[in-house]
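I have placed the structure first, in the form of C-alpha cells, so that the comments after it can refer back to it.
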Amino acid sequence: MSPVDYSFGSIQKLRARNKGALWTKAVIKEANELYATLANRKPGDEYKVKDVVNDEERTLTIPALPHGNQFIIRLTCDTELSAHIHDNEKTVDQDPKVRCLYYVDSVQISAHRRPKAYTVVGEPWDHWKQIWKDGGWERSDGYCWGRTAQEQEPKVVYHFRKWDPKELEEKRKVGDIWKSMSHRLVELVTEHSARLTNIDRIICFGLGNMTYEKPRSFIQHAAAATIRDALNALHPHTPPIEVLAQDPEHCDKCRDILAKTLNIETVSNLRGLFEITPNTLVIAMSTSARIRSIIADLTLEHGGPPAMLYNVIGDQWLEPQIKPESTDLVADPDTEALVAYKNHCIVEAFGDVELLRGMTNREWYAKNIPYVAEMKHAPEGTYSAEDKDEAQLLHSAQFQVNFPDLKFYFKKD
C-alpha cells in the first residue's frame, strides 16, 4: 500500500479559522442529536452534517445495516481529514462524509450484547472491589471467582470455587499488584492535590463493559472511583465530586453494577463529551474513538483539562506526515493541541505492564513473542521448551493487564 498523502496545512488553516479548535460543544450537540435518532433510521435515509471546511450542509446517507450490526456515530480526527482535504481545501474523493467531523456508520453488535453461552452463579463485583483495595485473591471462605468447564449443559459456569494452590498463589500476586496500583493513584492525587482543587467531576471514556470473564473494565472504573474518593477527602466539595462513565458497550446491567458498587453514573450517546468543563478530570485508556483529540479541542480555551489519565501523548504531532505508517494502529492520534497540552503538564507514569510482564509495552511489541499455538505449528526445533514456557507465561500475564503504560497528566499552574 502506498503512503497516504497527509495535507496538514488544510487542517491548520481550519483550526486557525476556528481559534484552534475543530470540535466545539455545538458540534457535539449536533452529533448527539443525530445519535438520538438512530433507532428510527433505516438504510438509505438522508441526514445533514456540516462541511468542516465551509460550514455548508452536506447530505449524507444512512449506510447498509448487515445482519448482526448496529448504527453508530463515527467521529473523525485530524489525520483522517487531512488524508482527504488538500491544502487548497479541495477533495479528490467525492464521498461527502470525508469533509465531515462525524457521520453514521454501522458496526457488528459486540458479544457482550448477544445471548450468553454460559451460566453465572453469584456476582464478583464486591469481591473484586475488595481485592482492589486490600490485595490478596480469595474470600474469607477460601473461594475465588472463576470459570468451570464441564461436559453437560451449561458448558461453562462462572462462580466462586476452590482454586489449585499454585494457581491461587499466582493470582494473589496479581491481587497485590491491584492493591499497589490503587495506593499509587492515591499517592499521585495527594502529591498533586494543589493542582486539583477545582475539579468538580471525573468523566471516563471507553473503559468497557462489566464482564464475568475478566475484571479489567471493572478495575479501571474502580480506579476512577478511587481518584474521586481521594479528591473528596482532600478537597471536600458540595455536592461531592461525581464520576460519569461513557461507553457504547454499557448495558442496563453495567449501569446497575457501576451505580451500586462504585457510585458511578453511566451516560449514553455523546453526553460525556458534552459534560466536559474546565474543571473536569478525564480518564480514558486505549479508546477506539478519537476522544482525547476532541477533549483537547473542547478545553483548548483553558489550556486543556486540569488532569488526564490516558495513553502516552507523543512529542511530534506531525508524525503521520513524516512517517505515515506510524498511524496504522493508532485509533486516537496526537494533535498539535494535545502535544501543547502535554508540554504544559507534569507527567507521571502509571501502569501495571512491567509489574506483570517484566517489560514495557514497547519492549513487548519489539520482542514479538508468538503464541504457544503458533509455536506448535512451527518446524520442529524452531522453539525450545523454555521458549514455549516463557511465551505461555508472558501471554498469560498480558491478559492480566489493567493499565497499559499510561500517563497521568497534571496541568501546571
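The values are calculated or read from the model by the stated rules, or taken from the named source; none is laboratory data. Only a predicted model underlies this, so the values are computations on that prediction, with no experimental measurement involved. In this analysis, Cβ positions are derived from the backbone assuming ideal geometry, glycine residues included, and neighbour counts consider all displayed protein chains.
Miscellaneous remarks
- Any chance E191 is surrounded by fewer than 21 Cβ atoms within 10 Å (Cβ to Cβ), out of contact with any helix residue (DSSP H, G or I) (no Cβ under 6 Å at 6 or more places or on another chain) and at pLDDT below 95: no
- Y158 among the hydroxyl-bearing types (S, T, Y), more than 28 Å from the chain's Cα centre (by Cα) and closer than 21 Å to Y212 by Cβ: no
- Region 226-242: number of residues that are outside any helix (DSSP H, G or I) and within 21 Å of L258 (Cβ to Cβ): 5
- Filter result for V104 (surrounded by 14 or more Cβ atoms within 10 Å (Cβ to Cβ), over 24 Å from the mean Cα position of the chain (by Cα), over 26 Å from L258 (Cβ atoms) and outside the structural domain of N402 (by TED's automatic domain parsing)): no
Rundown of residues vs (1) part of a loop (DSSP other than H, G, I, E, B); (2) of a type in the set (G, A, S); (3) without any contact (Cβ under 8 Å) to a residue 60 or more places away in the chain; (4) out of contact with any helix residue (DSSP H, G or I) (no Cβ under 6 Å at 6 or more places or on another chain), yes/no style:
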{"position": "H250", "(1), (2), (3), (4)": "yes, no, yes, yes"}
{"position": "C254", "(1), (2), (3), (4)": "no, no, yes, yes"}
{"position": "T261", "(1), (2), (3), (4)": "no, no, no, no"}
{"position": "T266", "(1), (2), (3), (4)": "no, no, yes, no"}
{"position": "N269", "(1), (2), (3), (4)": "yes, no, no, no"}
{"position": "G272", "(1), (2), (3), (4)": "no, yes, no, yes"}
{"position": "I283", "(1), (2), (3), (4)": "no, no, no, no"}
{"position": "S286", "(1), (2), (3), (4)": "yes, yes, no, yes"}
{"position": "A289", "(1), (2), (3), (4)": "yes, yes, no, yes"}
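- Look at (1) touching a strand residue (DSSP E or B) at 6+ places or on another chain (Cβ under 8 Å); (2) assigned by TED's automatic domain parsing to the domain that holds V27 and you find that Y158 fails only one, number (2).
- Set R357, R362: member being over 22 Å from L273 (Cα atoms), at pLDDT below 85, surrounded by 12 or more Cβ atoms within 10 Å (Cβ to Cβ) and of a type in the set (D, E, K, R): R357
- Any pair with Cβ under 6 angstrom, 6 or more apart, that starts in region 362-382 at a residue that is outside the structural domain of D405 (by TED's automatic domain parsing) and ends at one that is assigned to a loop (DSSP other than H, G, I, E, B) and surrounded by 10 or more Cβ atoms within 10 Å (Cβ to Cβ): M375/Y383
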